[in-house]
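Report on the following structure.
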Amino acid sequence: MVAKLPGFPNLQALAHDDLVFYLASVLGTCGFLRGGEFLTYAGSKRPVLRQRDVFTAFEGGVEVLKVNVVQPKAMWWLESAVVTCFSHPACGAEVCDLVTLFKVYKLLCAERGLSTRPCSPALMMASGMAVSREFMIRRSNDLLDAASITVYNQAGVRAAVRAASWRAGGVRSALEAGVPAPMIMVLGRWRSNAWENYAMITADDLALASAKMWTQAAKIQAVQSTFRVGEPSPAAAFLADDTM
């Protein structure tokens, strides 16, 4: 849907608010961030993500983007927790590279006269205000409509965009990439199976799972087994169990 952003994929051609929308979306998804960790909204008691909280660093010779999450929800006893977001050469174009995207955003903020002070919002709109939950949801809905994309939940009802949608996007991307559950928990900083609530199982997923089960059943049925005289057949064994 980001292809519907006017000027995309030329980052410098994007309107500032569209650029920060794109950056926030990639950051929220790659970092498995909770809505309150990178977005603001009325009544929120969480501190705003500041420029000093988002920075590049090197790990193992690779440049990464780090987010210092203040007062992490799952680790309330810590003052802050650092989330590391990795890019990968396979991404190809710079528009997919989070580190490059962040650097372009910082450069354009300075060129456009927006504050780059450490205490300023890390994700800043053209107005100088921090990116809000309402803005992200509204822009997402506009782009989904422009791209004729509709997402349905397990009940077949249109799924609404929420502050948790980017965190759910991280989970969904990990699942489709075959990332094991323990690693998903580490990536999203979960300490329980609560991450499964973000899996976003759809009716299409259920249909695909059913199709795989039927396909596997057909393969088993097609296998020809040879039994020795006196050897019980599996069908007879299951029948006996059912009548007990």
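Overview of results
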quantity: Any hit, the range 229-240, residues being on the phi > 0 side of the Ramachandran plot, at pLDDT below 75, open to solvent by 60 Å² or more (accessible area, probe 1.4 Å) and small (Gly, Ala, Ser); calculated: yes
quantity: Tally of residues being among the aliphatic types (A, V, I, L, M) and assigned to a loop (DSSP other than H, G, I, E, B) across the range 189-219; calculated: 3
quantity: Selected residue [farther than 22 Å from residue 169 by Cβ, open to solvent by 40 Å² or more (accessible area, probe 1.4 Å) and without any contact (Cβ under 8 Å) to a residue 24 or more places away in the chain] from 63, 59, 79; calculated: 79
quantity: Filtered residues of the range 8-34 (kept if in contact (Cβ under 8 Å) with a residue 24 or more places away in the chain and not in a helix (DSSP H, G or I)); calculated: 8, 9, 15, 31, 32, 33, 34
quantity: Residue list for the range 158-167, filter: without any contact (Cβ under 8 Å) to a residue 24 or more places away in the chain and open to solvent by 70 Å² or more (accessible area, probe 1.4 Å); calculated: 158
quantity: Qualifying residue in the range 51-70 (condition: more than 21 Å from the chain's Cα centre (by Cα) and under 20 Å from residue 110 (Cβ atoms)); calculated: yes
quantity: Unique match (being over 14 Å from the mean Cα position of the chain (by Cα) and either over 23 Å from residue 19 (Cβ atoms) or surrounded by 18 or more Cβ atoms within 10 Å (Cβ to Cβ) (or both)) among 129, 136; calculated: 136
quantity: All positions within the range 168-216 that are open to solvent by 80 Å² or more (accessible area, probe 1.4 Å), closer than 25 Å to residue 82 by Cα and among the polar types (S, T, N, Q); calculated: 193, 197
quantity: Test set (1) among the polar types (S, T, N, Q); (2) exposed (fewer than 14 other Cβ atoms within 10 Å of the Cβ); (3) in contact (Cβ under 8 Å) with a residue 60 or more places away in the chain - residue 84 fails condition number; calculated: (3)
quantity: Which numbered condition residue 186 misses (of (1) assigned to a loop (DSSP other than H, G, I, E, B); (2) out of contact with any helix residue (DSSP H, G or I) (no Cβ under 7 Å at 6 or more places or on another chain); (3) more than 25 Å from residue 15 (Cβ to Cβ)); calculated: (1)
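The values are calculated or read from the model by the stated rules, or taken from the named source; none is laboratory data. Please read all numbers here as calculations on a predicted model, not as lab measurements. Every residue, glycine among them, receives a Cβ derived from its backbone with ideal geometry; neighbour counts consider all protein chains shown. We work out accessible area using only protein heavy atoms, side chains counted, and drop any ligands, DNA or RNA first. Shrake-Rupley method; radii C 1.70, N 1.55, O 1.52, S 1.80 Å.
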